[in-house]
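For reference, the structure discussed in these notes is given below.
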Amino acid sequence: MSTSVHFTVPAMSDHDHQELDALLAALAADEWPMDIGRARLFYDAWGMPIADDIVVQQRDGGHLLTPPNAEGRLTVLYLHGGGYVYGSLRSHGLMVAEIARAARCRTFFVDYRRAPEHPYPAALDDAVAAYRSLLDDGLTAGEIVLAGDSAGGGLVLATLLRLRDAGIALPAAAACVSPWTDLTGSGESYRTLEHEDPMLDKPVVDLVTSSYLGDTDRTDPYVSPLFGDLAGLPPVLLQVGSREILLSDAERFAAGLRRAGGTGVLEVWPGMVHVWHLHHARLGKAREAVNRLGGWLRAQAVGA
């Protein structure tokens, strides 16, 4: 059955507005470096320490994060954001660990290769290899769910397309935060929200796009899953902020899932910025979104 749900997000309280104003002021005080090396350090510096009760273990291809409330065999495979150029466990560890806690399961944080040192399709190859490694561990596809943010959200969707096309059993579900689904930048919100988005702008988007793709066709479905055949995909949750330029990427992908007969849950969070979940320690709406995402993933998994 084809379903597309636009979830009603609770309104913001006065306290929520105060927290958001403080975050917006902090974001406005910093300027994103155009030098990739400096920008990687800048992004990592925004990260917060992982809680002490989360067990972090290295494994081939990344890290395994296990919260104290983990139950059963359910495993989240997580693909971080950062335009395929930035991002690491340092920048994303707190958020991903709290998603693991909310889903009550272990999470495989994939350290996929980043551009420009390793352009497309390195990240996609690594994501597929990470998924296959979980199957090799003895997990069934129904015991695995995928999640990711920004470029990692787009990579989650591209991974689903690659797995389906290769005839590999698909995971039970996927959740994407502020997903980058269209690397052509054709979404209407690129223009309408250009001056409201405090985190993404066209120069940065152009830099990471060229770093990742080079001469690769930007409409290739494994690059821009929005342009792919979306039939046969598992349920997908998309969470996006109302003030980010990638709003159209999430809205159009949800509509594409509906047309293809799939199940999509679209949550547009009023006032929120790009991947607000990263600000888990300072933003109540980030904690709320993380809890909803983790709970939704667990509800989709087989036998969870």
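If you stretched the chain out fully between residue 192 and residue 22, how much longer would it get, using 0.36 nm times the residue separation minus the C-alpha to C-alpha distance? If you can, show how the numbers build up before the last one.
On the way: separation 170, 0.36 × 170 = 61.20 nm, distance 2.37 nm.
Difference between extended and current length: 58.8 nm.
Considering only 49, 97, 66, and ranking their Cα positions along the charge dipole of the range 1-145 that arises from unit charges at the beta-carbon of Lys, Arg, Asp and Glu, the one farthest toward the positive end is 66.
About its Cα centre, the dipole of the chain is roughly 760 debye, where the only charges are +1 on Lys and Arg Cβ and -1 on Asp and Glu Cβ.
Once you list every other residue whose beta carbon is under 14 Å from the beta carbon of residue 126, what net charge do they have if Lys and Arg are +1 and Asp and Glu are -1? Don't skip to the end; give the middle numbers.
Working: positive: 59, 113, 114, 132, 162; negative: 60, 111, 117, 125.
Here the charged neighbours net out to +1.
So how do 63, 118 rank on accessible area, 1.4 Å probe, biggest first, that is with the largest at the start? Walk me through the intermediate numbers first.
Values: 63 30, 118 80 Å².
From most exposed to least exposed: 118, 63.
For the peptides 164-173, 81-90, 133-142, the ranking by mean Cβ contacts within 10 Å, running from highest to lowest, is 81-90, 164-173, 133-142.
Considering only the other residues whose Cβ falls under 12 Å of the Cβ of residue 186, what net charge follows from Lys and Arg at +1 and Asp and Glu at -1? Once positives and negatives cancel, what remains is 0. Once whole DSSP H runs in the chain are found, which of them have Cα atoms spread over 18 Å or more along the helix axis and a mean Kyte-Doolittle score of at least -1.0? TM-like helix candidates: 14-28, 89-103, 122-136, 151-165, 247-259, 284-300. Between residue 46 and residue 69, the modelled label-to-label distance comes to 2.7 nm, taking each label 7 Å out from Cα in the direction of the beta carbon.
Roll a 1.4 Å probe over the protein chains and send me the accessible area per residue for the chain in Å². Display every interim value, and only then the final one.
On the way: 11990 Å² over 304 residues.
So the chain comes to 39 Å² accessible per residue, rounded to a whole number.
Tally Lys/Arg at +1 and Asp/Glu at -1 over every other residue whose Cβ is under 11 Å from the Cβ of residue 105; what's the total? Could you put the intermediate results ahead of the total?
On the way: positive: 73, 101, 104, 106, 298; negative: 71, 143.
Charge balance near residue 105 sits at +3.
Leaving ligands and nucleic acids out of the surface, order 144, 36 by accessible area at 1.4 Å, largest first. Show your work: numbers first, answer last.
Working: 144 0, 36 35 Å².
These residues rank, largest area first, as 36, 144.
Based on the Cα atoms of the range 170-304, what semi-axes does the equivalent ellipsoid have, where each is the square root of 5 times one gyration tensor eigenvalue, given in whole Å with the largest first? Mind showing how you got there, number by number?
On the way: eigenvalues 111, 89, 32 Å².
Taking √(5λ) for each eigenvalue gives 24, 21, 13 Å, largest first.
For the chain, the carbon plus sulfur part of the accessible surface works out to 52%, probe radius 1.4 Å. For the pair the range 244-270 and the range 130-152, the centres of their Cα atoms are 22 angstrom apart.
At q = 0.15, 0.16, 0.19, 0.22 Å⁻¹, work out log10 I(q)/I(0) for the range 86-189 with the Debye formula, treating every Cα as an identical point scatterer and leaving solvent out; two decimals please. So the normalised log intensities are -0.65, -0.74, -1.05, -1.38.
Roughly what percent of Cα-Cα pairs across the range 1-106 reach past 17 Å?
Details: 3730 of 5565 pairs.
Cα-Cα pairs in the range 1-106 separated by more than 17 Å: 67 percent.
With the convex hull constructed from alpha-carbon coordinates only, the chain shows a mean projected area of 14.3 nm² over all directions.
The values are calculated or read from the model by the stated rules, or taken from the named source; none is laboratory data. Please read all numbers here as calculations on a predicted model, not as lab measurements. Cβ sites come from the backbone with ideal geometry, for glycine too, and all protein chains shown count toward neighbours. Accessible surface areas use protein heavy atoms only, side chains included; no ligands, DNA or RNA. Shrake-Rupley method; radii C 1.70, N 1.55, O 1.52, S 1.80 Å.
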